[in-house]
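The values are calculated or read from the model by the stated rules, or taken from the named source; none is laboratory data. Because the structure is a prediction, the values reported are computed rather than measured. Here Cβ is always computed from backbone atoms with ideal geometry, including for glycine, and neighbour counts include all displayed protein chains.
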Amino acid sequence: MECRELREIISLSLDGEASPEEARLVLNHIEGCAGCRAFERKMRAIGTGVSKTEGAVPPDFREKLFARMEAEDLLPRRRSLFAFSIRWAAVPLAAAAALVLFLVSSPEKGKDAVSTQERLPAVARTGPAAETMQPSSPPLSGSPGSTLADDPRRETASAARAGAELTPEERDIIAHLDILEDPSALDAPGDVDEMDIFEPPHRRQG
Amino acid sequence: MRTDEELIELYRKGSRDAFEELFARYHRKVIHFAYRMTGDQARAEEAAQETFLRIARAAFTWEPKARFTTWMYTVARRTTLNFLRDDKDDRDKVPILPGEETDDGSPAIQLPGPSALNPEEMAWGAEIQERFVAALQKLPEGYRSAFVLNRGDGLSYEEVAAVLGITVQAVKSRIFRAREMLLESLSELLP
């Protein structure tokens, strides 16, 4: 291989861009060629010299650049510690405020955590009267945790509060909730069973 | 450690720290590149400042198709070229050779004798650096860019090709020619 041709490969080799075969070729050649050996050494020195050629970094370089960037609104401003604290304090403060509002606006919620549906009488849960007992029902929605059948005091208070808004029929249902809960209470002694009317007398006797 | 591309993305989202990190990583490299390209400290500083400003301005529209450094050096080279063009009318000055006089009539810097000038062995001094910078300025800009990016900044041939928008084969050729021309310019320094 001609020296001129090989010197291009020497250049590649110095830059780490020669293949292993090319690098081996260079090594073999410069061992026996003083001219190419000197060339390789000078080329290496030139590369080293250029990498050592460095500009100075002025002490105010960063400040100057950042000032220009801020003037062009290219640099986000650093948040102050105070702003940072306020931002992160806002989360627990808001949560505490929400809790206080909740407790103040619905004081009975905290006392009676059992759901209204579970505390309602069985009849009220399944029968037509249940509609008037649901929390969504406007007259009783102010005390969703209360039940009318199992706590007479609350029943009275709730009924008194809602009394003005109840129809006479609803008031009647509420007044006889215990009967609805236990229909056998209607069977007073001496009363005639409705079914007996349709049964033959002999069967009644037997 | 976050990648350059991640830092640019964070900067786009409003992180000042991300830009500061990029600046910390690369401002020296950009200044050195600009100095090797212009041969002038004040010009290098201006070009480096302008390079970072352009990067910040373009960050919001930049699409990371290539490495950040490839883009950064592309911006740095174009910026430096603009400065060189602006200076062209003023740059009819011929690089000062040993023994000549400077513009103000003072004697030019006397370089050490050839036997001391192997950069791997010699003590690197300001005079020798100036000599190297002057030799670089004599190269055609295309050769100088290729050689400086490869030897000065450590970019591979492929990365140099991406920055300059040329083929890898063209990069090989330019770097070899640059070496030959520098060898000629600096022959007095190299035994």
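Here A:GLU8, A:GLU54, A:GLU72, A:GLU31 are screened, and the one residue that is modelled with pLDDT under 95 and away from chain B (no Cβ under 11 Å) is A:GLU31.
Could you please find all residues in region A:46-80 being in a helix (DSSP H, G or I), in contact with a helix residue (DSSP H, G or I) (Cβ under 9 Å, 6 or more places away or on another chain) and aliphatic (A, V, I, L, M)? Within region A:46-80, A:ILE46, A:VAL50, A:LEU65, A:MET69 meet the criteria. Counting the residues of region A:1-32 that are surrounded by 12 or more Cβ atoms within 10 Å (Cβ to Cβ) and within 13 Å of B:PHE176 (Cβ to Cβ) gives 12. Helices (runs of 4 or more DSSP H) fully within region B:3-87 that include at least 2 residues being small (Gly, Ala, Ser): B:16-38, B:41-58. Scanning region A:33-66 for residues that are of a type in the set (A, V, I, L, M) and crowded, with 18+ Cβ neighbours inside 10 Å returns A:MET43, A:ALA45, A:ILE46, A:VAL50, A:LEU65. Taking the condition of a type in the set (Asp, Glu) and outside any helix (DSSP H, G or I), does A:GLU22 pass? It is false that A:GLU22 is of a type in the set (Asp, Glu) and outside any helix (DSSP H, G or I). For first residues located in region A:50-70 and of a type in the set (Phe, Trp, Tyr), partners that are assigned to a loop (DSSP other than H, G, I, E, B) and lie 6+ apart or on another chain with Cβ distances below 7 Å form the pairs A:PHE66/A:LEU75.
Inspection of region B:95-114 finds a residue satisfying the criterion of being closer than 17 Å to A:ARG44 by Cβ and either modelled with pLDDT of 70 or more or part of a helix (DSSP H, G or I) (or both).
Just one residue in the set B:ARG25, B:ARG16 is within 30 Å of B:ALA178 (Cβ to Cβ) and either facing chain A (nearest Cβ under 9 Å) or surrounded by fewer than 22 Cβ atoms within 10 Å (Cβ to Cβ) (or both); that residue is B:ARG25. Among the residues of region B:28-48, those identified as surrounded by fewer than 24 Cβ atoms within 10 Å (Cβ to Cβ), more than 9 Å from chain A (Cβ to nearest Cβ) and not charged (D, E, K, R) are B:GLY39, B:ALA42.
Taken as a whole, region B:115-122 holds at least one residue that is among the small types (Gly, Ala, Ser), modelled with pLDDT under 80 and farther than 19 Å from A:GLY55 by Cα.
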